[in-house]
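Note sheet for the following structure.
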Amino acid sequence: MFDAIKASASMPLLSKINWLDGKPYLDGSIGNSIPYQRALEQGYDKIVIVATRDKSYVRPENTLRINEAAKVAYRKYPKFVDNFIHRPDRYNKMLEDIRQLEKNKKVFVLRPEYPVDVGYTEDNQHKLDSLYDNGIKVVRFNETKMMNYLHS
């Protein structure tokens with residue numbers, strides 16, 4: 001189990017490729033950042049999404065330098081490189097879809113109210129504690145709404 005957790009937490013260009021059962025793994029969100037579609041495909045009609053960014057967030061495009069580094073580092077894995085390069089577009093499309101699904105009451109989204117000021121490799125304990133506390137507040141504030149959604 002530890003190897004699976006380590007593989008799922010390995011960040012492209014920052015972590016080594018992790019091997020599990022003879023297969024290479026990097027961060028799974030490159031392939032599917034927000035897997036809500038799987039729940040829809042399986043027929044679930046009550047889906048709660050826990051978002052890590054506020055409603056206004058738009059994922060920026062990768063820089064040319066980052067894309068070129070990925071092409072070099074993962075040249076043996078062209079499908080991974082393609083997914084890496086096109087992730088921002090796919091991610092932003094998912095956010096649009098989620099906003100529409102939320103508007104139509106097909107999903108319930110818990111998300112920070114304000115832009116998050118925590119990086120992927122954040123080590124500032126105060127920022128991390130503040131984000132955690134904000135998450136607790138968001139859940140408490142939305143608990144009744146979420147329960148009403150789940151029981152409607």
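A few notes on this one:
- Computed accessible area, I85, all protein chains, 1.4 angstrom probe, square angstrom: 40
- Relative contact order of the chain: 23 percent, from C-alpha pairs under 8 Å at least 6 residues apart in sequence.
- Largest-first ordering by accessible area, 1.4 Å probe, given options K23, K71: K23, K71
- Residue pairs exceeding 26 angstrom between C-alpha atoms, taken from K6/K93; K16/K76; K6/K127; K71/K93; K6/K79; K6/K46: K6/K93; K6/K46.
- As a fraction of the 1.4 Å probe accessible area of the chain, surface on carbon and sulfur atoms comes out at 55 percent.
- Area of K93 that stays accessible when all protein chains are in place (1.4 Å probe, Å², to 10): 110
- Calculated accessible area for region 1-117 comes out at 69 Å² per residue, all protein chains present (probe 1.4 Å; ligands, DNA, RNA ignored).
- Options (1) 59, 45, 31; (2) 48, 27, 26; (3) 49, 40, 34 - which one matches Cα extents along the principal axes in Å as calculated here: (3)
- Placing M1, M94 in order of accessible area, with the largest value first and a 1.4 Å probe, yields M1, M94.
- At the residue level, H151 shows approximately 140 square angstrom of accessible surface with a 1.4 angstrom probe and all protein chains present.
- Simple point charges give the picture: +1 on the Cβ of Lys and Arg, -1 on the Cβ of Asp and Glu, and for the chain a dipole about the Cα centre of about 380 debye.
- Residues D82, D27, D45, ordered by accessible area of protein heavy atoms at a 1.4 angstrom probe radius and largest first, appear as D45, D82, D27.
The values are calculated or read from the model by the stated rules, or taken from the named source; none is laboratory data. Since we're looking at a predicted model, the values are computed, not measured. Using ideal geometry, Cβ is built from the backbone for each residue, glycine included, and neighbour counts are taken over all protein chains shown. These area figures cover heavy atoms from the full protein model, side chains too; ligands, DNA and RNA do not enter into them. Shrake-Rupley method; radii C 1.70, N 1.55, O 1.52, S 1.80 Å.
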